[in-house]
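The values are calculated or read from the model by the stated rules, or taken from the named source; none is laboratory data. All figures in this text were calculated on a predicted structure; none of them were measured in a lab. Here the Cβ positions follow ideal geometry from the backbone for every residue, glycine too, while neighbour counts run over all protein chains shown.
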Amino acid sequence: MHKFVLPILLALLLCTSCSAPHPRQQPDRVLFVGNSQLYVGNVPAVAAALASANGHAFHSDMIVKGGATLAERVADGSVEQALAGRAYTMLVLQERGGDLMCSFGPDSCIQSRRAIRTLARLARKNGTAVVLLGTYQTLPSASRRLVEAESSAAAAAGIPYIEVSENLQDLRSAEPGLTWFYIDGMHPGKDLVLLDAILLYRHLTGSDPAARDFIADAPIYTSNSGLAASLRAADDPPPQAGTPRAASYTAATIEELLAVINRGEGRQR
């Protein structure tokens, strides 16, 4: 009888090895493309640190420049080259604030929507998922118009949209003591960067991050970053000396933000 046992055990082991999930050999890679609303506070690095603290590590690269538009990234071919050269899991696009609202003239709307569609096609061609990360407006009426314009542009490109501005409206009302803006009053402050990271995490994983302390060990850029529109890792050494080198976040702040975000979603339903 023993001569039949060994083949059966071998077969069972083979079947088990076939069905068991294989661990990933390397973290997922996410490419962020945008402007100072992405790099002030280093949204790509903070998002990666939050994900790592929750067991979903990924590597963040970015192509960012102050005042840049997505149409410029189409024209210079930098995103196309990056997508072709590296196996990215996700492409996160963020447009210059106001372009999709025609703040720079009617052509800015047309160019922006065209660029989003083009970059989405390039990503899909390379097997990369795409998402449009929203920007924000401080006035309630402008915020609503912005969300409508951004969601429409994302839908036209066939990609998901992460809404930021209306979440920020709710959070500024509920938690006015948090740091929503940088010292210039325009760029994202520390807690707005965290909001972006939480919303990205929810999109990538389908769940809320745990409320736990974490540190983003990377350059925390200010509006004067010295960054050019070239591919770089989010945690690469900064081009300018004196750039802060880390930012810490607390479980309490994450919990506060999630409570307001989830209440807002409850009202929408």
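When residues of the range 151-198 are filtered for being assigned to a loop (DSSP other than H, G, I, E, B) and of a type in the set (Gly, Ala, Ser), how many remain?
Counting residues in the range 151-198 that are assigned to a loop (DSSP other than H, G, I, E, B) and of a type in the set (Gly, Ala, Ser) gives 4.
Select from the range 211-269 the residues that are in a strand (DSSP E or B) and touching a residue at least 40 places away in the same chain (Cβ under 8 Å) and write down the one among them that is surrounded by the most Cβ atoms within 10 Å (Cβ to Cβ).
Only one residue tops the list, namely 216.
Wholly within the range 1-110, which helices (runs of 4 or more DSSP H) include no fewer than the required count, namely at least 3 residues that are of a type outside the set (Lys, Arg) and modelled with pLDDT of 95 or more?
Ranges flagged: 36-39, 43-53, 70-76, 78-85.
Does the range 96-116 contain any residue that is of a type in the set (Lys, Arg), surrounded by fewer than 17 Cβ atoms within 10 Å (Cβ to Cβ), in contact (Cβ under 8 Å) with a residue 24 or more places away in the chain and more than 30 Å from residue 212 (Cβ to Cβ)?
Yes, some residue in the range 96-116 is of a type in the set (Lys, Arg), surrounded by fewer than 17 Cβ atoms within 10 Å (Cβ to Cβ), in contact (Cβ under 8 Å) with a residue 24 or more places away in the chain and more than 30 Å from residue 212 (Cβ to Cβ).
Kindly provide the set of residues from the range 124-150 that are within 21 Å of residue 263 (Cα to Cα) and either of a type in the set (Gly, Ala, Ser) or in a strand (DSSP E or B) (or both), ordered by number.
133, 134, 141, 143
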